[in-house]
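The values are calculated or read from the model by the stated rules, or taken from the named source; none is laboratory data. Since the structure is predicted, the reported quantities are computational estimates derived from the model, not experimental observations. Every residue, glycine as well, gets a Cβ built from its backbone with ideal geometry; the counts of neighbours run over all protein chains shown. Heads up: the accessible areas ignore ligands, DNA and RNA and are worked out on the full protein's heavy atoms, side chains in. Shrake-Rupley method; radii C 1.70, N 1.55, O 1.52, S 1.80 Å.
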Amino acid sequence: MEYCTKSNADVDIENGELLYDDGEHKFVWLGWGRLEDGLIQTNQYLIVHGKKGTLLDPGGIHIFPKVVSNVTKYIDLDDIEYIFFSHQDPDVSSGIPMWLSVTNANVYISELWVRFLPHFGITDLSRIKGLPDSGGRVGELEVIPAHFLHAPGNLIVFDPISKILFNGDIGAAVFSDTNKYLFVDKDNFNSHINLMEGFHKRYMASSNACRYYVNKIRSLAPKMLAPQHGAVFRFEAVDMFLNWLNNLKCGADIIDEISR
Ligand SMILES: [Fe+2]
Ligand SMILES: [Fe+2]
């Protein structure tokens, strides 16, 4: 097996799914816990290469036990080398004191946010590594700038082996409790727009920022886009999403409409 081709009906929501697995390298979606009232649902991901692991936006306090239990199905916590945060929001990074205490990993985030993280309750900043606006690398992973989508310092991660792009909040969808699913394919892309549009129009900074991202990502030709909320775009739906975002008016473009 390389890419997951399961239908949405067959997805294991409790335990998560391998989005990519070639035996040596895995890209894992870590499943959903039970929704707590008023919390936005989040996706957490783990990349395993050989014996070593990287966590992507592992999330806040409410989901910590669930994420730990699913991570340890694939890897010992001691073997997590890197933890990556796309930006500073609490749904992304407020679990940082707990992750620092149960792993030996270093944490990577845009350097804009390093001095804000202590407010989540940590005193030792030595394991927090600020990344420059240009991105760079975390291990073998490519860190891609995607600023203003939505945070002013916003970084995402391209895995060159699986060709899966961890997309942070870009491509996020807001599900109801009763209708949620893991994959967006070409058949359900159009209905999925309804769950993305409000979020992108209000949170993403401008169409200029969107188009900058789309050009960059087209050159990477990812097979899947894995966002921090909502569903994973796979195969043909990747291009459909990029086309949709390329034409979206949002944020500063529609400030009159938003502020009315
Ligand atoms: Fe966010
Ligand atoms: Fe988010």
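Numbers at a glance
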quantity: ASN8 versus SER191: modelled label distance in nm, points set 7 Å from Cα along the beta carbon direction; calculated: 0.6 nm
quantity: Carbon plus sulfur fraction of accessible area for the chain, probe 1.4 Å, in percent; calculated: 50 percent
quantity: Over the chain: helical MRE at 222 nm, DSSP H runs n ≥ 4 each giving -39500 (n - 2.57), nearest 500; calculated: -7000 deg cm²/dmol
quantity: Set of lysines with alpha-carbon distance to LYS73 below 17 Å, sequence-local pairs under 8 removed; calculated: LYS26, LYS51, LYS52
quantity: The stretch 72-148: trypsin sites (Lys or Arg not before Pro) in DSSP coil with no more than 11 other Cβ atoms inside 10 Å; calculated: ARG115
quantity: Kirkwood-based Rg to Rh ratio, the chain, C-alpha trace; calculated: 0.93
quantity: Reachable lysines, given that their alpha-carbon falls under 20 Å from the alpha-carbon of LYS216 and they are not under 8 places away in the same chain; calculated: LYS163, LYS249
quantity: ³J(HN,Hα) computed for each position of the stretch 45-59 - Karplus, 6.51 cos²θ - 1.76 cosθ + 1.60, integer Hz, glycine/proline x; calculated: 10, 10, 10, 10, 10, x, 9, 9, x, 10, 9, 10, 6, x, x
quantity: Candidates ILE83, ILE122, ILE61: whichever shows maximal mean-square fluctuation once the chain is modelled as a Gaussian network with Cα springs under 10 Å; calculated: ILE122
quantity: Solvent-accessible area per residue, Å², over the stretch 200-260 with all protein chains present [probe radius 1.4 Å]; calculated: 48 Å²
quantity: Candidate aspartates and glutamates for bridging to LYS180, where Cα separation is under 19 Å - those fewer than 8 sequence places away on the same chain excluded; calculated: ASP10, ASP12, GLU14, GLU17, GLU36, ASP37, ASP91, ASP169, GLU197
